[in-house]
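Beneath this line is the structure, given in structure tokens, with notes to follow.
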Amino acid sequence: AGRHYAAALEFWPGDDPERARLLLSFGKAASLATDAGGDALAEARDLLLAASDIEGAAEAEYLLSSEIWRRGDTRLANEHLARGTACISRQG
């Protein structure tokens, strides 16, 4: 899946609002397969926040938290988890 998302990102217009969701999907696939989705997830989070897609931004933070936790940095993982929770709390 990651290869297909990566190929789509190569051709997807950088200013298209749907790019954020595509980045989120790519980051999720890369993170689950190789723990290498962090950059895409962080970019997706920023774009999703800018587009007021709070649920998407919270999902990106959760996925970042999981990837970083698997690498052993629990402090940073907890920071991302707290930011994701804060996103949802503001929405409610």
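Largest to smallest in accessible area, the residues Tyr62, Tyr5 fall in the order Tyr62, Tyr5 (1.4 Å probe, all protein chains included).
Counting only other residues whose beta carbon sits under 11 Å from that of Asp73, what net charge do I get with K and R as +1, D and E as -1?
Details: positive: Arg70, Arg71, Arg75; negative: Glu67, Glu79.
Here the charged neighbours net out to +1.
Computed with a 1.4 Å probe over protein heavy atoms only, the accessible area of Ile54 comes to about 40 Å².
Per residue, the average separation of C-alpha pairs within less than 8 Å and at least 6 apart gives the chain a relative contact order of 21 percent.
Over the chain, dividing the summed -39,500 (n - 2.57) contributions of all DSSP H runs of at least 4 residues by the number of residues returns a 222 nm mean residue ellipticity of -26500 deg cm²/dmol.
How charged is the neighbourhood of Ala40? Take every other residue with its Cβ under 15 Å from the Cβ of Ala40, and add Lys/Arg as +1 and Asp/Glu as -1.
Working: positive: Arg3, Arg19, Arg21, Lys28, Arg45; negative: Glu10, Glu18, Asp35, Asp39, Glu43, Asp46, Glu59, Glu61, Glu67.
Charge balance near Ala40 sits at -4.
Using the Cα gyration tensor of the range 1-72, with a ≥ b ≥ c the square roots of its eigenvalues, what is the shape: rounded (a/c below 1.5), prolate (a/b larger than b/c) or oblate (neither)? Oblate, since a/c reaches 1.5 and b/c is not below a/b.
Amide H contacts of Gly37: Ser31, each under 5 Å away and 5 or more positions distant or on a separate chain (H built 1.01 Å from N in the peptide plane; Pro and chain starts excluded).
Net charge near Thr85: determine it from the other residues with C-beta under 15 Å of the C-beta of Thr85, scoring Lys and Arg +1 and Asp and Glu -1. Intermediate results must be reported in sequence, preceding the final value.
Working: positive: Arg45, Arg83, Arg90; negative: Glu55, Glu59, Glu61, Glu79.
Charge balance near Thr85 sits at -1.
Starting from the Cα gyration tensor of the range 35-77, take the square roots of the eigenvalues, sort them a ≥ b ≥ c, and report rounded, prolate or oblate (rounded when a/c is under 1.5, otherwise prolate if a/b is larger than b/c, else oblate). Prolate shape, in that a/c is at least 1.5 and a/b is the bigger ratio.
The values are calculated or read from the model by the stated rules, or taken from the named source; none is laboratory data. Worth saying up front: this structure is predicted, and the values here are computed from it rather than measured. Virtual Cβ from ideal backbone geometry, glycine too; neighbours counted across all protein chains shown. Just so you know, the surface numbers come from the protein's heavy atoms only, side chains and all, with ligands and any DNA or RNA stripped out. Shrake-Rupley method; radii C 1.70, N 1.55, O 1.52, S 1.80 Å.
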